[in-house]
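Report on one structure; see the data block that follows.
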Amino acid sequence: MEGDAVERGIARRSAGIYLPISIAAALLFLTAASLMGDYTPVARIGGAVWVGMLSLIVSMPVVTARVKGRARRRE
Amino acid sequence: MNAPIPAENTITLPVLGMTCASCISHVEGALSELPGVSQVMVNLATGKATIDRDSSRVSIEDMRRAVSDVGYSVPTAEITLDVRGMTCASCVAHVEGALTDLEGVTAAVVNLGLGTARVTYVPGLVAVSQMKRAVREAGYEAQERSQGLDALDRERQARGEEIRRQGRNLVVAGAVGLLVMVGTFYDMLGPLRSWIPEWLSYKWVIGLLTTPIVLGPGRQFFSNSWRGLKHGVTDMNLLYATGIGAAYGIAVINTVFPRAGFGGEGATFFESAALLTAFIVLGRWLEALTRGRTSEAIRKLMKLQPKLARVLRGTSEEEIPADEVQVGDLLLIRPGESVAVDGLVEEGYSAVDESMLTGESLPLEKKAGDPVIGGTLNKTGAFKFRATRVGKETALAQIIKLVEDAQASKAPIQKLADWVAGHFILGVHVLAVLVFVFWFFFGYRLYFDPTSSFILSPYRLGEIGVFGFSLLLSVTVLVISCPCAVGLATPSAMMAGTGKAAEYGVLFKAAQAIENTSKLQTLIFDKTGTLTRGEPSVTDVLVYGETEPGSLTVEDILRFAAGAEKNSEHPLGEAIVRGARERGAEVSDPERFQSIPGHGVEAALQGHAVLLGNRRLMAQRGVDIGYLAEHAEHLEAEGKTVMFLAIDDQPAGLIAVADTLKEHSREAIQRLHQLGLEVAMITGDNARTAQAIARQVGIHRVLAEVLPQDKAEEVKKLQAQGKRVAMVGDGVNDAPALAQADVGMAIGSGTDVAKETGDVILIKDDLRDVVVALEAAKATMRKVKQNLFWAFFYNTLGIPIGAGLLYPVIRLVVSPELAGALMAVSSVSVTLNTLLLRRFKPSLRRPAPTEPAAQVLEGARWADVTAGGD
């Protein structure tokens, strides 16, 4: 039970880091696509979603592992 | 009471569901995060995790949960025991408590009414016999119900289930995928179109057909990757899930909302999603089919373990499970039956085939006093033998454990490959972002050609927009980069190699030993007992001053020398004792005896101080050996070992003994020279004796007069010259040198392999097995390198092509389904390449060991028949 609560805490803290990272990557892409050419809204938004998703996939395990490691060291 | 479990211990946990190298890091990560776990090593090929842990802080159940949290599972088995003697509810608690206290038992449910205990346990961690013993010790009787499967059957069952599961997925994905393909390419089918209904080419029909493929056979990739992501881990499933999901998602959008700007109806990738799933499932199915075969050798060894034994109790025979035989039990073996446990023959005569364990092709005669090994096959006569080693102590159990341990260990090259594969997935996703960004902002504008198409496909990219095109290349990179073959390359070859070597009686203790053996440059052989038989015999006896009146006789010399050596275990001493007895001399016990390592012995015998040893000993004790030295030189020039005898500090005579080469020493050394290896001989004997033996055997480099404790120093000196050195010795006297060498080979150890020092254990007393070890190691490492080459070849070639590097020139792109097919081919080709190791035969050919599996069938006739009636 206590272990589950710790896990949930770690998941929450991790999400607080990787979600902003992924959203930032998506927004960066959206801004670049809006400024750099005459892309259709669908291409811009689709691209931003894809970049955001891949960023999420990259950042999620890295951040979660780090947060978990830090929590373990603190214990 | 059960023996207390030590707090710090190592356990090996079976893990199911691992498919790639990144799975290794996930499982290792999940386990090592647990409190009390100090070290974790996971082997993909064996599907096992070896864990060093503090059992007071972490339980098996904790580890099982940690493994399942990251998407894998620890298989458990169930067994029902018939428990007699229970009368009330408290008995239930006692029996349950006794069972759950056992390491490896995860649950025990006792049914008082039925008198049964249903036990859930982790196979390999606890044996059924231990459960029965625990129940007995709690005051009840337990008997195994016949439906229990042994570990081997369970492993085969689990593998069979995986093959069937992926087979079902393949049938669905393959059959429906074919319809999707036909529908997609309907316009290009020419006259065949008249046979196919047109509605099959409608996008929404293709979409409807693709959906069950993605949600059925493809679901495993999504659920597995989601489970991993939740715990901060990524694996191959994620690559597939992203690839399939993206292709399917875009296809749905383009079908339902063709004007959304994703490329419209001309850019639906339903066939990509469907065929990609089908190819990945095909790869998984083929992999499951072929992977089990790399562990065939260990399976053969496990099959040798007899199930039943016939024990003689007084005048009656009793058939009991082989794992319940106790040390000291008298057993009866009839022709065609397998020997149940290790023991010593007490009565009878027979020929026993030991080829399945030692590789020795000819059956060995067994008479009273001879040892027999459990798992071997009795050929002709019947005999009775007394059990000396049972259960985990038997030679067969030790050999299986040794081979399993070796297969569970990691070679340095494998650690590197695992590390690369483990970090690869994230790198690939980063690459996929870069590829997408490049083609979105620059590549499409600069190079896109609407007439371009996919490789091996007439399908035009046509209407695809910038987003669809960039996404396509990004997805292809994800799929084509899958390093699944990298994870399999090394462990599969190591398993096949260690197993194959074991068939010839060569046991590698760890994967590292194989890698080190394959790189050897110099081999040092111990002389006595390794190159030679180690059983010298007395050839010359010389009496000092024999012409003088009252001088000693030859018999006196032998009598004193043999008396002094009577308690010695040195081969030279034993030869003198044997020689004295053969000549009728009476050998009496010494009053005092002291061995002087590397020099000789000192004893008190019949009131005299007796000194027997080499020149150095005589010089140290101030004994002037006079003209004996001259005679000794002549004898030594002939390769004989001379020992001087002094009685009461006066020279008395000399004894010459000679050792002879083993039958195959010369042949083995010759072959090692042919293989380009430097061969040296090391001995405590004098230089002349050593040279004489070296000449006979064909060795040019001799390290003579080296004391036992200095042998390791000599090895170190060669290593300091930058050479990778193996020491071949008997494993007892040469232990320090064996430990110092890059590879220690203990030869002629017999089947008591657990006691041996050294990285490689050669069961038989045959030097040709050194060649077998070298060739098996080289063949295994060759396979490892070939496998790694092919695994990385696919990726290094596939990734740039998949990323569209060649697109500006050739106007062709790799479709996701072709990428999936390539990855499936890479895994399968690596496994098939490994299976070629099964054809390995050493160059020094002997009659091949008899096929164990065939023999077991024959030998187990009796065991199976009686088991059936159990």
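The values are calculated or read from the model by the stated rules, or taken from the named source; none is laboratory data. None of these values were measured; they are calculated from a predicted model. Heads up, the Cβs are rebuilt from the backbone with ideal geometry, glycines too, and the neighbour counts pull from every protein chain shown. Note: areas computed on protein heavy atoms with side chains; ligands, DNA, RNA excluded. Shrake-Rupley method; radii C 1.70, N 1.55, O 1.52, S 1.80 Å.
Some values worked out for this structure:
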{"read-out": "Answer from B:122, B:95, B:109 - the residue that is modelled with pLDDT of 75 or more and closer than 23 Å to residue B:11 by Cα", "value": "B:122"}
{"read-out": "Positions within segment A:46-71 being open to solvent by 30 Å² or more (accessible area, probe 1.4 Å), modelled with pLDDT under 85 and within 25 Å of residue B:244 (Cα to Cα), in sequence order", "value": "A:62"}
{"read-out": "Residue selected from segment A:46-61 under the condition among the aliphatic types (A, V, I, L, M) and at the interface with chain B (Cβ under 7 Å from one of its Cβ atoms), by the criterion nearest to residue B:471 (Cα to Cα)", "value": "A:51"}
{"read-out": "Flag if residue B:324 is under 23 Å from residue B:143 (Cβ atoms) and surrounded by fewer than 19 Cβ atoms within 10 Å (Cβ to Cβ)", "value": "yes"}
{"read-out": "Pairs, first modelled with pLDDT of 90 or more in segment B:720-744, second small (Gly, Ala, Ser) and open to solvent by 70 Å² or more (accessible area, probe 1.4 Å), C-beta under 9 Å, six or more apart", "value": "B:727/B:739"}
{"read-out": "Count of residues meeting criterion [without any contact (Cβ under 8 Å) to a residue 40 or more places away in the chain and among the aliphatic types (A, V, I, L, M)] in segment B:341-357", "value": "2"}
{"read-out": "Given (1) within 8 Å of another protein chain (Cβ to nearest Cβ); (2) at pLDDT below 80, index of the condition residue A:2 fails", "value": "(1)"}
{"read-out": "Helices (runs of 4 or more DSSP H) completely within segment B:580-677 that count 1 or more residues being open to solvent by less than 30 Å² (accessible area, probe 1.4 Å), more than 30 Å from residue B:724 (Cβ to Cβ) and in contact with a Lys or Arg (Cβ under 9 Å, 6 or more places away or on another chain)", "value": "B:628-637"}
{"read-out": "Sole residue being at pLDDT 80 or above and of a type in the set (S, T, N, Q), chosen from B:210, B:234, B:268", "value": "B:210"}
{"read-out": "Number of the exception - residue B:295 against (1) modelled with pLDDT under 80; (2) assigned to a helix (DSSP H, G or I); (3) within 14 Å of chain A (Cβ to nearest Cβ)", "value": "(3)"}
{"read-out": "Flag if residue A:33 is open to solvent by less than 30 Å² (accessible area, probe 1.4 Å), more than 9 Å from every other protein chain (Cβ to nearest Cβ) and modelled with pLDDT of 90 or more", "value": "no"}
{"read-out": "Tally, over segment B:313-332, of residues that are without any contact (Cβ under 8 Å) to a residue 12 or more places away in the chain and not in a loop (DSSP other than H, G, I, E, B)", "value": "3"}
{"read-out": "Helices (runs of 4 or more DSSP H) lying entirely in segment B:782-870 (those with 2 or more residues that are modelled with pLDDT under 85 and within 30 Å of residue B:144 (Cβ to Cβ))", "value": "B:852-859, B:861-868"}
{"read-out": "Of the criteria (1) away from every other protein chain (no Cβ under 14 Å); (2) open to solvent by 10 Å² or more (accessible area, probe 1.4 Å), which one residue B:480 fails", "value": "(2)"}
{"read-out": "Hits in segment B:33-65 (condition: closer than 20 Å to residue B:100 by Cβ, part of a loop (DSSP other than H, G, I, E, B), open to solvent by 40 Å² or more (accessible area, probe 1.4 Å) and touching a residue at least 12 places away in the same chain (Cβ under 8 Å))", "value": "B:56, B:57"}
{"read-out": "In segment B:44-69, residue farthest from the other protein chains (Cβ to nearest Cβ) [restricted to those that are more than 22 Å from the chain's Cα centre (by Cα), closer than 24 Å to residue A:62 by Cβ and among the aliphatic types (A, V, I, L, M)]", "value": "B:67"}
{"read-out": "Residue A:43 vs. criteria within 7 Å of another protein chain (Cβ to nearest Cβ) and open to solvent by less than 10 Å² (accessible area, probe 1.4 Å)", "value": "yes"}
{"read-out": "Every residue from segment B:512-551 that is within 30 Å of residue B:45 (Cα to Cα), crowded, with 16+ Cβ neighbours inside 10 Å and touching a strand residue (DSSP E or B) at 6+ places or on another chain (Cβ under 9 Å)", "value": "B:513, B:514, B:516, B:517, B:520"}
{"read-out": "Subset tally (residues that are in a helix (DSSP H, G or I) and crowded, with 16+ Cβ neighbours inside 10 Å) for segment B:201-218", "value": "10"}
{"read-out": "Scan of segment B:1-43 for residues that are away from chain A (no Cβ under 14 Å) and modelled with pLDDT under 75, ordered by number", "value": "B:1, B:2, B:3, B:4, B:5, B:6, B:7, B:8, B:9, B:19, B:20, B:21"}
{"read-out": "Of residues in segment B:303-348 being β-branched (Val, Ile, Thr) and more than 32 Å from the chain's Cα centre (by Cα), the one farthest from residue B:363 (Cα to Cα)", "value": "B:315"}
{"read-out": "Residue within segment B:552-566 that is open to solvent by 90 Å² or more (accessible area, probe 1.4 Å) and part of a loop (DSSP other than H, G, I, E, B) present", "value": "no"}
{"read-out": "Qualifying residue in segment B:274-281 (condition: at pLDDT 70 or above, within 14 Å of another protein chain (Cβ to nearest Cβ) and part of a helix (DSSP H, G or I))", "value": "no"}
{"read-out": "Residues located in segment B:175-200, provided they are touching a residue at least 12 places away in the same chain (Cβ under 8 Å), open to solvent by 30 Å² or more (accessible area, probe 1.4 Å) and of a type outside the set (A, V, I, L, M, F, W, C)", "value": "B:187, B:198"}
{"read-out": "Qualifying residue in segment B:355-377 (condition: crowded, with 24+ Cβ neighbours inside 10 Å, over 18 Å from residue B:505 (Cβ atoms) and at pLDDT 85 or above)", "value": "yes"}
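For every residue, the table says whether it meets (1) surrounded by fewer than 17 Cβ atoms within 10 Å (Cβ to Cβ); (2) part of a loop (DSSP other than H, G, I, E, B).
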| site | (1), (2) |
| --- | --- |
| B:702 | no, no |
| B:706 | no, yes |
| B:709 | yes, no |
| B:713 | yes, no |
| B:716 | yes, no |
| B:719 | yes, no |
| B:722 | yes, yes |
| B:727 | no, no |
| B:737 | no, no |
